[in-house]
Ligand SMILES: NC(=O)c1ccc[n+]([C@@H]2O[C@H](COP(=O)([O-])OP(=O)(O)OC[C@H]3O[C@@H](n4cnc5c(N)ncnc54)[C@H](OP(=O)(O)O)[C@@H]3O)[C@@H](O)[C@H]2O)c1
């Protein structure tokens, strides 16, 4: 069993990823009020935590690389630090590139999802920081196995997948998204080639949503002209 996974993203009307590139809020609209919808909608799902890709987590984690004082860890068993009943902040970071320096992001307990090939010294650093970790196979690409561990080891029943587009694409390709929650910001980006909220870059060149369907289950206009769409993901039988 794996958790129910909702991909929760904010986008411009042309599906782009970077809010810093969006056109400005129209007069008498508050950019900060528009931005606040992301967290308030996320809270409504009452999820057990959130998942992000290595690049997105790198923007939030403020630690720096250091030599851990303790011995390198040679085993590749999951490590559960002291979670203290907190929600989970999950980073899919196969190469072990993110440095934390603490055990939480915004109060949520960090869980790193790693490749078994990661350096022994990195595991010692995570333990010193109080960060939990699990393994997604030798190369770190067994996303289904990692999600099953989040259910069995951490009791996660519902998780939000919060980008970026590359990770969302990988989850869609592996049929790990049960629902999309999309906030459409009243703005455009508009430049050809700019990253979008689903940006599959796998070597197989497949359309990541092949064999799947989307059914609209919610549509709501929020203050300031943000539109909240919900789609259930199905599988063609
Ligand atoms: N609009 C929104 O709602 C929203 C939400 C979140 C983030 N963002 C923005 O999105 C940007 C980053 O997005 P992004 O798409 O460039 O990066 P991303 O999805 O955050 O991270 C991509 C990285 O995840 C790792 N990864 C782990 N498993 C993978 C797999 N199976 N397939 C592919 N990659 C895998 C890879 O790390 P390695 O390269 O180390 O292998 C890959 O480079 C940030 O600027 C952030 O601010 C926007």
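General observations
- Residue match in the range 209-223 (condition: assigned to a helix (DSSP H, G or I) and in the same structural domain as residue 166 (by TED's automatic domain parsing)): yes
- Boolean, residue 174 is surrounded by 13 or more Cβ atoms within 10 Å (Cβ to Cβ), within 21 Å of the chain's Cα centre (by Cα) and farther than 25 Å from residue 93 by Cβ: no
- Summed over the range 9-28, residues that are in contact with a strand residue (DSSP E or B) (Cβ under 7 Å, 6 or more places away or on another chain) and within 12 Å of residue 182 (Cα to Cα) total 7.
- Residue check for residue 56: within 16 Å of the ligand (Cβ to nearest atom) and outside the structural domain of residue 218 (by TED's automatic domain parsing): yes
- Near pairs, Cβ below 8 angstrom, 6+ apart or cross-chain, from the range 1-29 (modelled with pLDDT under 95) to any residue that is crowded, with 19+ Cβ neighbours inside 10 Å and in a loop (DSSP other than H, G, I, E, B): 25/187
- The number of residues in the range 68-98 being within 16 Å of the ligand (Cβ to nearest atom), in contact with a strand residue (DSSP E or B) (Cβ under 7 Å, 6 or more places away or on another chain) and part of a loop (DSSP other than H, G, I, E, B) comes to 4.
- Comparison of 107, 96, 145 shows that the only residue that is touching a helix residue (DSSP H, G or I) at 6+ places or on another chain (Cβ under 6 Å) and free of Cβ contacts under 8 Å to residues at least 40 places away in the same chain is 96.
The values are calculated or read from the model by the stated rules, or taken from the named source; none is laboratory data. Every value quoted in this text rests on a predicted model; they were computed, and no experiment measured them. In this analysis, Cβ positions are derived from the backbone assuming ideal geometry, glycine residues included, and neighbour counts consider all displayed protein chains.
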